[in-house]
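Chemist: After the C-alpha cells below, expect a handful of questions from me.
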Amino acid sequence: MDTIKQFSVFVENKQGRMAELTRLIADAGIDLRTLSLADTRDFGILRIIVNKPEETEALLKQNGWTYKATSVIGVKVPDCPGGVATVLEALNEVNVNVEYMYAFVNRTPGRADTVICVDDEQAALEILQKKHIDILTAEEAYDI
Amino acid sequence: MAKYWREDIETMPREDMKKLQSERLVKQVQHVYEHVPYYRDLMDKKGVKPDDIRSVDDLYKLPFLSKADLRDAYPTGMLAVPMKDCVRIHSTSGTTGRRVVAFYTQHDVDLWDECCARAITAAGGTAEDVCQVAYGYGLFTGGFGLNGGSQKVGCLTLPMSSGNTERQIQFMRDLNATILCCTPSYAAYIGETLHDMGLTPDDIKLKAGIFGAEPWTEEMRRTIEASLGIKAYDIYGLTESSGPGVAFECEEQTGMHINEDHFIPEIIDPETGEVLPEGSVGELVFTSITKEAFPLLRYRTRDLCQLTRGKCSCGRTLIKMCKPMGRSDDMMIIRGVNVFPSQIETVLIEQGYSPNYLIEVDRKNNTDTLDISVEMNTEQFSDKMKDIQEKERSLASAIKTMLGINPKVHLVSPKSITRSEGKAVRVIDKRKLHD
C-alpha cells in the first residue's frame with residue numbers, strides 16, 4: 001500500500017504568482033515530477049509532485065504559501081485503448097469517487113502513469129490490487 | 001491599586017454632576033457667543049441668546065454644529081481665543097473632505113491629558129506600569145493624547161508611534177511594556193506578528209490594551225485579547241472634541257463612561273434633529289463645557305450610538321455610551337440597503353475567518369455590486385476546488401442573512417490584504433469614480 005505526497009498550493013489570480021512559486025522551487029534545486037493547475041476566476045490551485053517532498057514543504061512554509069499536503073494514488077495505466085476506463089470502472093465498482101486526476105510526463109513506453117485523488121483511498125487501493133492494476137510507489141513517483 | 005483617577009468626579013451623584021454641568025455650560029455658551037462670530041450668527045439666526053441657557057435642560061435650544069460648519073470655518077473660524085494663547089493644533093486626516101484643525105491652549109491640553117489618565121486608570125494602569133503608545137504621533141490625536149494621559153498617571157511611556165512592528169515587539173519585550181495603546185486593527189496586526197515571530201503571550205508582559213479611533217467589534221476584541229493575552233479596553237474621542245478620552249471603558253467592558261464633567265452627550269434623530277430619550281439609538285451629539293480654544297456646542301459626531309445611565313459595577317456614575325454602531329460616513333447604501341462594515345466583520349469572525357477583509361462596492365449595469373475578499377488560513381484552505389467554492393457560498397449566504405443583500409465572497413491567501421498601521425482601510429467604493 002503506497003501513496004504519493006502531493007502539495008496543493010493556493011495561487012491567487014495575480015500576474016507572476018505561478019512564476020514566483022516555480023522559481024522558488026527551482027532555486028532550491030527541487031525537480032517538479034508533474035503538475036496540474038486547477039483554476040477559477042479568482043484563484044488557482046497548483047498541484048505538484050516533487051522529488052524532495054520534505055524540503056518542498058519546509059520551503060513553502062517558510063515563504064508563507066498557503067498549501068495543503070495531500071496523498072494521492074499513482075496508477076500505472078496501460079497505454080492502450082481502454083487503459084483508463086479499466087481503472088475507473090474498477091473504482092466505480094466499489095463506489096469510490098474520483099476528485100481529480102492528471103498524468104505524469106511519461107518515461108516508460110507502454111505505460112501512462114496517472115495521479116488519482118479519490119474520496120476513499122483505502123477502498124481504491126484494495127480494488128486496484130485485486131484487479132492486478134499496478135500502483136506507482138512513492139519512490140517511483142519521486143524517482144529516487 | 002487606584003481604581004479611579006478622580007473618584008470625586010467619576011462617582012459623583014447625578015444631581016451634583018448636573019449642577020456642575022449647568023454651571024460650566026452657561027459659562028461655555030457665553031465664551032463662545034462672545035468670541036466665535038460663526039456660532040454667534042447661528043444662535044442669532046435661531047433667536048437664542050446666552051441668557052436663555054440657564055442649565056443643561058436648556059441645551060436643546062442651541063443650534064447644532066456639523067462637520068460642514070467646521071470646514072466652512074477652516075482654519076480659524078471656530079477659534080475662541082487669540083492664536084497666541086494656543087500651544088498646539090491637531091487635525092483630522094481629511095479623508096472625507098477638507099481637514100478640520102483643532103486648537104488647544106495649555107489648559108485644554110491638561111484637561112485632555114486628564115481624560116486620558118482616567119482611561120488608563122480604568123484599564124488598571126498606575127505609576128508602576130510601562131505604557132507603549134503605538135498610535136501615530138503628529139497631527140493625529142491618538143499618539144499625543146495617550147502619551148499625555150500616560151505621563152500624567154506616571155507610567156513609563158514608550159512613544160513608539162505606529163509602524164515598524166518587529167521593533168514594537170522588541171521594545172515591548174525588552175522594556176516589559178504592560179499597557180498597549182493603538183488602533184484595534186494595529187493591535188490585531190501586532191498580535192499576528194508576535195505569533196509569526198514564534199512568540200506567545202507568555203513572552204510579553206502586556207496586561208491591558210486601550211484601543212480606539214476606529215470601529216471594532218466584540219469578536220475582534222476577543223481575537224486581540226487572545227492573541228496578546230490581555231484585557232482590551234475601548235476608548236472614544238474625535239479630533240473635534242480634543243481627541244481620545246471623551247469616553248473610556250471600565251473593567252465591565254459594557255460600554256464607555258463619558259467624561260461628563262467636560263462633555264455633555266445627547267442622542268438625536270439624525271433626520272429631524274429631535275432629542276431622543278435615554279436608551280434610543282440615534283446620532284451622538286457632544287457639547288464641550290470646559291474648552292478654551294476650540295469649544296464646540298452641540299457638535300454632531302455622525303456616530304450612531306446609544307446612551308445608558310444604568311448602575312455600573314465599577315462604581316462610576318458617569319453615563320455610558322455603547323460602541324458606536326457605525327458612522328454615518330462609513331455607512332454604505334448598497335441596492336438601497338444600509339450596510340456597515342462592522343456587520344460584515346461580525347459575520348466573518350462568527351464563521352471563523354480572520355478580521356482581515358476588504359469590501360469593494362461598484363456599480364455594473366446600474367446595479368450595485370458588493371465584493372468581499374476574506375483571508376483564509378491554512379486550515380481553511382482545501383485542495384479541492386469545490387470545497388473552497390462551497391466555503392465562499394456558505395459565507396456569502398451568512399452575510400446575506402445579516403444584510404439582506406447577496407455579496408460575492410472571494411477567499412484569498414493569508415496576509416494578502418494590506419495591513420494597516422493606523423486606521424484600517426476596509427472599504428473601497430468605486431461607484432464614486434463614475435459619478
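Chemist: Check the straight Cα-Cα distances from B:Lys18 and name the lysines below 16 Å, setting aside those fewer than 8 residues away within the same chain.
Modeler: B:Lys27, B:Lys320
Chemist: Let me ask another. For chain B, what value does the Rg/Rh ratio take when both radii are computed over Cα atoms and Rh is the Kirkwood radius, given to two decimals? Show your work: numbers first, answer last.
Modeler: Numbers: Rg = 22.3 Å, Rh = 22.8 Å.
In chain B, Rg relative to Rh is 0.98.
Chemist: On to the next question. What does the structure give for B:409-415 when I average, per residue, the other chain Cβ atoms found within 10 Å of the residue Cβ?
Modeler: Numbers: counts 1, 6, 4, 7, 10, 4, 2.
Neighbouring Cβ atoms belonging to other protein chains average 5 per residue here.
Chemist: If you average over every viewing direction, what projected area does the convex hull of the Cα atoms of the stretch A:1-45 give, in nm²?
Modeler: Dividing the Cα hull surface by four gives the mean projection, 3.9 nm².
Chemist: Taking amide hydrogens as modeled 1.01 Å from N in the peptide plane, which residues meet the under 5 Å criterion relative to B:Trp5, leaving out close sequence neighbours?
Modeler: So B:Trp5 has HN proximity to no qualifying residue.
Chemist: Carbon and sulfur together cover what percent of the accessible area of the stretch B:332-434 at a 1.4 Å probe radius? Don't skip to the answer; put the middle values down first.
Modeler: On the way: 2370 of 4870 Å².
Carbon plus sulfur share of accessible area: 49 percent.
Chemist: With a 1.4 Å probe on protein heavy atoms only, tell me which residues of the stretch A:1-27 lose at least 40 Å² of accessible surface in the complex relative to the chain by itself.
Modeler: The answer is A:Phe10, A:Glu12 - residues whose exposure falls by at least 40 Å² when every protein chain is included.
Chemist: From the backbone phi of the stretch B:293-300, what are the Karplus-calculated ³J(HN,Hα) couplings (6.51 cos²θ - 1.76 cosθ + 1.60, θ = phi - 60°) in whole Hz, Gly and Pro given as x?
Modeler: 7, 9, x, 10, 9, 6, 7, 7
Chemist: Follow-up. Taking the Cα centre of the stretch A:72-142 as origin, work out the dipole magnitude from +1 charges on Lys and Arg Cβ and -1 charges on Asp and Glu Cβ, in debye rounded to 20. Show your work: numbers first, answer last.
Modeler: Details: 5 positive and 12 negative charges, 60 e Å.
That gives the stretch A:72-142 a dipole magnitude of about 280 debye.
Chemist: Starting from the residue with the highest accessible area, list A:Thr114, B:Thr418, B:Thr367 in decreasing order, probe 1.4 Å.
Modeler: B:Thr418, B:Thr367, A:Thr114
Chemist: Order the following by accessible area, largest value first: B:Arg298, B:Arg98, A:Arg111. Probe radius 1.4 Å; ligands, DNA and RNA are ignored.
Modeler: On the way: B:Arg298 5, B:Arg98 130, A:Arg111 60 Å².
Listed by decreasing accessible area, they come as B:Arg98, A:Arg111, B:Arg298.
Chemist: Now, a different point. Per residue of the stretch A:27-42, what does 6.51 cos²θ - 1.76 cosθ + 1.60 with θ = phi - 60° give for ³J(HN,Hα)? Whole Hz please, x for Gly and Pro, Karplus curve as stated.
Modeler: 5, 8, x, 9, 9, 7, 7, 7, 8, 8, 10, 9, 9, 10, 5, 9
Chemist: Further, regarding this structure: Can you list residues whose amide H is under 5 Å from A:Ile135's amide H, if they're 5+ apart or on another chain and H is modeled 1.01 Å from N?
Modeler: So A:Ile135 has HN proximity to A:Lys76.
Chemist: Under 12 Å from the Cα of B:Lys207, which aspartates and glutamates turn up, not counting those fewer than eight places away in the same chain?
Modeler: Within reach: B:Asp129, B:Glu225.
Chemist: Continuing with the same structure: Per residue of chain B, what 222 nm ellipticity follows from adding -39500 (n - 2.57) for every DSSP H run with n ≥ 4, rounded to the nearest 500? Before the final figure, lay out the partial values.
Modeler: Details: 12 runs with 139 residues, N = 435.
Value at 222 nm, helices only: -10000 deg cm²/dmol.
Chemist: Also: What is the projected area of the convex hull of the Cα atoms of the protein assembly as shown, averaged over all directions, in nm²?
Modeler: Values: hull surface 129.5 nm².
Result: 32.4 nm².
Chemist: Just the number please: accessible area per residue for chain B, 1.4 Å probe, all protein chains included, in Å². Walk me through the numbers before you get to the answer.
Modeler: Details: 17960 Å² over 435 residues.
Accessible area per residue, chain B: 41 Å².
Chemist: Keeping all protein chains in place and using 1.4 angstrom, which order do B:Cys305, B:Cys322 fall into by accessible surface area, from largest down?
Modeler: Per-residue accessible area, sorted high to low, gives B:Cys322, B:Cys305.
Chemist: Heavy-atom accessible area of B:Tyr4 with all protein chains present, probe 1.4 Å, nearest 10 Å²?
Modeler: 40
Chemist: Follow-up question, since we're still on this one. With the dipole of the stretch B:332-434 worked out from charges on the C-beta (+1 for Lys and Arg, -1 for Asp and Glu) around the Cα centre, which of B:Val374, B:Leu348, B:Val337 lies farthest toward the positive end?
Modeler: Sorting the options by dipole projection puts first B:Val337.
Chemist: Next question. What figure, in Å² to the nearest 10, do you get for the accessible area of B:Asp362 with a 1.4 Å probe and non-protein molecules left out?
Modeler: 30
Chemist: To continue, here is another question. For the charge dipole of the stretch B:295-435, defined by +1 on Lys and Arg C-beta atoms and -1 on Asp and Glu C-beta atoms about the Cα centroid, which residue among B:Val361, B:Tyr299, B:Thr418 has the Cα displaced farthest towards the positive pole?
Modeler: B:Tyr299
Chemist: Using a 1.4 Å probe on the protein heavy atoms only, what accessible surface does B:Arg309 show? Give it in Å² to the nearest 10.
Modeler: 80
Chemist: Hey, another quick one. With a ≥ b ≥ c the root eigenvalues of the C-alpha gyration tensor of chain A, is it rounded (a/c under 1.5), prolate (a/b larger than b/c) or oblate? Mind showing how you got there, number by number?
Modeler: Numbers: a/c = 2.02, a/b = 1.73, b/c = 1.17.
In terms of gyration-tensor shape, prolate.
Chemist: Over the stretch A:4-70, give the accessible area per residue in Å² for a 1.4 Å probe, as an integer. Display every interim value, and only then the final one.
Modeler: Numbers: 3160 Å² over 67 residues.
With the other protein chains kept in place, the stretch A:4-70 gives 47 Å² per residue.
Chemist: Shifting gears a bit: Provide the per-residue ³J(HN,Hα) series for the stretch B:274-290, in order, calculated from phi with Karplus coefficients 6.51, -1.76, 1.60 and θ = phi - 60°, each as a whole number of Hz, with x at glycine and proline positions.
Modeler: 6, 6, 9, x, 3, x, 6, 8, x, 7, 7, 10, 10, 10, 7, 10, 10
The values are calculated or read from the model by the stated rules, or taken from the named source; none is laboratory data. Keep in mind the model is a prediction, meaning the values are calculated, not measured. Please note: Cβ atoms are built from the backbone with ideal geometry, for glycine as well, and neighbour counts cover all protein chains shown. Each accessible area value is taken on the protein alone, full model and side chains, heavy atoms only, with ligands, DNA and RNA left out. Shrake-Rupley method; radii C 1.70, N 1.55, O 1.52, S 1.80 Å.
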